[in-house]
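Let me begin by presenting the structure, written as structure tokens, before commenting on it.
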Amino acid sequence: MNREEKMNTHKTAARFFGVFFLISFLAYGTGTALIQSIVSAPDILSNVYANTTLIVVAAILMGVVHTFTNIGLPLVLRPVLKPRNETLYFGYLSAAIVATVSLLVGVIFLLLLLPLSDAYMTSGSAVTGQDETMAILLREANYYSYNIGMAIWSLGGLMFCSILYQYKLIPRLISVWGIVGYIVFLSGSILAIFGLDFSLIHTAPGALFEVFLSLWLIVKGFKSFAIVSESAQADMNESAKRSLSRV
């Protein structure tokens, strides 16, 4: 692959990453907002029963659209990241898959509220309290699945930003922002599991970095000199091999 082809491949990968992430971010964020407006009320099951369609729409956004695009993020960057650091790349890919599966399990917990709400509306008063307790448990299970997933996602993000920083694929200041953001995100997610939820305080730095990075890659892509340097190094290595073979 010559330099021009490599630059085109990197540019395409960068744009796909940016678009995929924005879709993933909006899908999960919109789905979460819809779900939380329903399950945060005191009478959870009555609200779920009255808003079944919204629950299904939210589940599709979070469980289908988000899952597809989120796992697609490291896959589209494979030609960019894997040749530079295979170990960190596969760590990033593995973390993305495990984190996405954890978030998907959380969505399944929320979907279980639908049959539970049907049973709640048709059951007698004797089991109403049990249904409400089960609804609260399912809501909390989603909460823990989310925080476990985001903790794992943050670990993958640290590997991702390490490659960006090491090989200067984007300005290093942006890479440092990402590293700091993911450290805060990781710490906040772990603290939330132990009951200390700081909400936007621990999610904002990492989330803003991801949105900014997506827009940056769509508009500017990766640094061209980093790609050219890699191509030049590859050409030098190839020339050296040919010289040695002639000796």
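The values are calculated or read from the model by the stated rules, or taken from the named source; none is laboratory data. A quick note: this is a predicted structure, and the numbers were derived from the prediction, not measured. In this analysis, Cβ positions are derived from the backbone assuming ideal geometry, glycine residues included, and neighbour counts consider all displayed protein chains.
Among the helices (runs of 4 or more DSSP H) confined to the range 33-84, the ones with at least 3 residues that are buried (at least 17 other Cβ atoms within 10 Å of the Cβ) and without any contact (Cβ under 8 Å) to a residue 60 or more places away in the chain are located at 52-60, 66-76. As a summary of the residue check, His202 satisfies the conditions (1) buried (at least 16 other Cβ atoms within 10 Å of the Cβ); (2) in contact with a His (Cβ under 9 Å, 6 or more places away or on another chain) except for the one numbered (2). For the range 140-169, name all the residues that are buried (at least 20 other Cβ atoms within 10 Å of the Cβ) and either among the basic types (Lys, Arg) or outside any helix (DSSP H, G or I) (or both). If the condition is that a residue be buried (at least 20 other Cβ atoms within 10 Å of the Cβ) and either among the basic types (Lys, Arg) or outside any helix (DSSP H, G or I) (or both), then Tyr167, Leu169 are the ones that fit. In this structure, Leu110 qualifies as among the hydrophobic types (A, V, I, L, M, F, W, C), buried (at least 22 other Cβ atoms within 10 Å of the Cβ) and touching a residue at least 12 places away in the same chain (Cβ under 8 Å). Residue-level check: of (1) within 16 Å of the chain's Cα centre (by Cα); (2) at pLDDT below 95, Val107 misses just (2). The single condition among (1) of a type in the set (D, E, K, R); (2) more than 28 Å from Gln130 (Cα to Cα); (3) out of contact with any Leu (no Cβ under 7 Å at 6 or more places or on another chain) that Arg15 does not meet is (3).
Do the conditions hold for Ser94, that is, is it among the hydroxyl-bearing types (Ser, Thr, Tyr), at pLDDT 95 or above, surrounded by fewer than 18 Cβ atoms within 10 Å (Cβ to Cβ) and under 26 Å from Ala27 (Cβ atoms)? Spell out the reasoning first.
Numbers: among the hydroxyl-bearing types (Ser, Thr, Tyr): yes; at pLDDT 95 or above: yes; surrounded by fewer than 18 Cβ atoms within 10 Å (Cβ to Cβ): yes; under 26 Å from Ala27 (Cβ atoms): yes.
Against the criterion (among the hydroxyl-bearing types (Ser, Thr, Tyr), at pLDDT 95 or above, surrounded by fewer than 18 Cβ atoms within 10 Å (Cβ to Cβ) and under 26 Å from Ala27 (Cβ atoms)), Ser94 qualifies.
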